[in-house]
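All of the numbers you see were taken from the coordinates with simple rules; none came from a lab. Remember, predicted model here, so these are calculated numbers, not experimental data. Note: ideal-geometry Cβ built from the backbone for every residue, glycine included; neighbour counts use all protein chains shown.
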Amino acid sequence: MNKGWKIIGGIVLVLILLGAICIGVGFMTGGDVVDIYSTLNIRYNLSGYWELWSEWAMTSLNNIWEGVRQLW
Amino acid sequence: MYTQSEVNDINKQRFLPELGKLLTFMVEQDRQTALAMYSRLFDDAEDEQKLMDLLVSPTRQAVVIARTYDAKARKQQLESGSPAADETPAFVLAIDKIYQEVAPEHVNRPAEEIEPAALINPLINQFSLFSDDAHPIDDSEYVPFKIEADAVSIEEPVEALPIEPETEEEAPLPEEPAPEAEPAAPEQPVQELPAEEERAVPAEPEAVPVPPVEVEAVPAQAPEAVPVQVPEAVPVQAPEAVPAPEEPTVYAPAPVELSFIPETRRKPRVFLLILYVLFAVPLTAVCILLLLIPTVLALTLAVGVIIGGSFLFMSAFSGFPKLADILIVLGTSVVVLALGLLLLWLFVWFVGGVIGGLIRGVVNLGRKWCYKEVAA
């Protein structure tokens with residue numbers, strides 16, 4: 001297991017370093033997060049998923065809160 | 001009340017079997033050497049408390065040897081017969097160091113006093129047993145295992161082992177050979193005759209017989225460097241002033257027992273075992289259920305993150321007009337995939353390491369508490 005941790009840790013560190021370099025180079029060469037978000041939103045409807053998840057989370061939290069109050 | 005010698009024997013009988021078990025990682029030849037040297041430590045140590053303080057425990061000594069011993073390399077050296085195999089191994093020096101502390105008066109003792117325990121393995125003599133730079137052994141005085149022809153009366157021929165020296169020059173010749181001595185006497189590689197005791201042997205018709213050589217303790221390789229010429233019968237006229245001892249002279253101490261490891265088997269303590277199972281199984285089950293929560297959570301997160309990262313990675317190559325945006329998306333996807341890999345490994349670690357380790361620990365604890373070792 002210790003050897004596994006070392007191997008996986010090494011791979012993860014290398015990938016994170018590589019990703020960070022890519023992100024850095026992208027920002028330095030004129031990359032824009034707003035453009036990226038709008039492109040992904042059009043492709044995957046991210047805002048729709050976000051609203052759906054927000055509603056589900058709020059409803060779940062309200063239900064839990066009500067249950068706790070009734071038990072109290 | 002035990003004498004010092006008896007106390008040493010008791011400690012030796014406890015210490016050596018335990019050490020023998022712990023040294024199984026060594027090459028058998030070296031293991032026997034180490035055990036013989038430790039045996040001699042107990043025999044020669046005058047301050048048993050000091051010896052035990054130095055040794056601490058068999059485990060400690062096994063660790064000391066293990067630190068200086070590379071079994072694989074040593075085996076290769078011995079098998080290939082390389083010159084390095086003739087050098088003194090580090091473990092011999094380590095034991096030698098202890099020996100010099102507990103029995104400094106024995107370090108430079110004459111060769112005739114070396115016990116058969118040291119002869120079990122020729123390596124011991126080969127390594128100039130228990131000698132160091134501070135107490136060098138003079139080779140001119142070092143006549144290993146030579147039986148003084150004029151000091152003892154041996155009426156019966158010594159049983160010779162089928163061992164012969166490689167060359168005639170290696171055989172140490174007595175300075176003044178007795179005229180009756182036959183030149184082609186049988187050779188005996190392992191025999192100890194302390195000089196003091198030899199001279200105390202009376203010249204009686206019933207000459208003290210030479211004790212038989214421990215053939216089982218002698219390794220297959222004959223110690224070629226220590227051939228001894230023994231005359232068949234050398235009558236000696238002892239001075240009358242020397243009183244005859246009542247007890248027969250012991251030429252050699254008891255041979256070192258090499259079969260140290262007793263056969264044991266594990267016997268369950270039934271009541272304790274039932275009690276342990278009754279408590280351990282439910283407790284372990286609860287612990288495993290609790291550990292399953294983070295395990296499943298790690299798996300879920302890992303799957304989600306890896307799927308998201310994969311989508312991000314694939315989307316980087318379609319829909320983005322600028323290379324800079326592609327680089328940012330690619331970098332982000334790589335970081336997300338790395339986190340997903342870490343979460344996946346966390347799941348594997350929970351299953352194989354934590355939960356598996358918990359089960360193994362409970363089983364081992366049960367073995368330790370609920371079983372006892374008894375002689376087979």
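Worth a mention:
- Three-way shape call for chain A based on the alpha-carbon gyration tensor, with the a/c threshold at 1.5: oblate
- Tilt relative to chain A, helix A:33-44 - C-alpha long axis, 0 to 90 degrees, to 10: 60 degrees
- Rounded FRET efficiency, nearest 0.05, which uses the C-beta distance separating A:TRP53 from B:ILE293 and R0 of 22 Å: 0.50
- Taking 0.36 nm per residue of separation and subtracting the current Cα-Cα distance, fully stretching the chain between B:ALA285 and B:SER318 would add 6.9 nm.
- Length gained on full extension, B:ARG14 to B:SER82: 20.8 nm, using 0.36 nm per residue less the C-alpha separation.
- Residues A:LYS6, B:LYS372, B:LYS12, arranged from fewest to most other Cβ atoms within 10 angstrom of their Cβ, appear as A:LYS6, B:LYS372, B:LYS12.
- Ordering A:ILE36, A:GLY24, A:ILE64 by the projection of their Cα atoms onto the charge dipole of chain A, which places +1 on the Cβ of Lys and Arg and -1 on the Cβ of Asp and Glu, puts A:GLY24 at the extreme positive end.
- Residues A:VAL25, B:VAL281, sorted so that the one with the fewest Cβ neighbours within 10 Å comes first: B:VAL281, A:VAL25
- Within a straight-line Cα-Cα reach of under 20 Å, B:LYS50 can be paired with the following lysines, leaving aside sequence neighbours fewer than 8 residues apart in one chain: B:LYS12, B:LYS97.
- The distance between label points at A:ILE7 and B:LYS50 comes to 5.3 nm (points 7 Å beyond Cα on the Cα→Cβ vector).
- At full extension, B:VAL270 and B:SER57 could sit 73.5 nm farther apart than now, given 0.36 nm per residue minus the alpha carbon distance.
- Within the shell defined by Cβ-Cβ distances under 15 Å, the residues around B:GLY361 carry a net charge of +3, with Lys and Arg each +1 and Asp and Glu each -1.
- Separation of segment A:56-72 from segment A:3-27 is 40 Å, based on Cα centroids.
- Proximity of backbone amide H atoms, modeled 1.01 Å from N, is registered between B:TYR371 and B:ARG269 at under 5 Å, excluding neighbours fewer than 5 places apart on the same chain.
- Cβ-derived FRET efficiency at R0 22 Å, A:TYR44 paired with B:VAL303, nearest 0.05: 0.75
- Net charge of neighbours whose Cβ lies under 13 Å from the Cβ of B:ARG74, counting Lys and Arg as +1 and Asp and Glu as -1: -3
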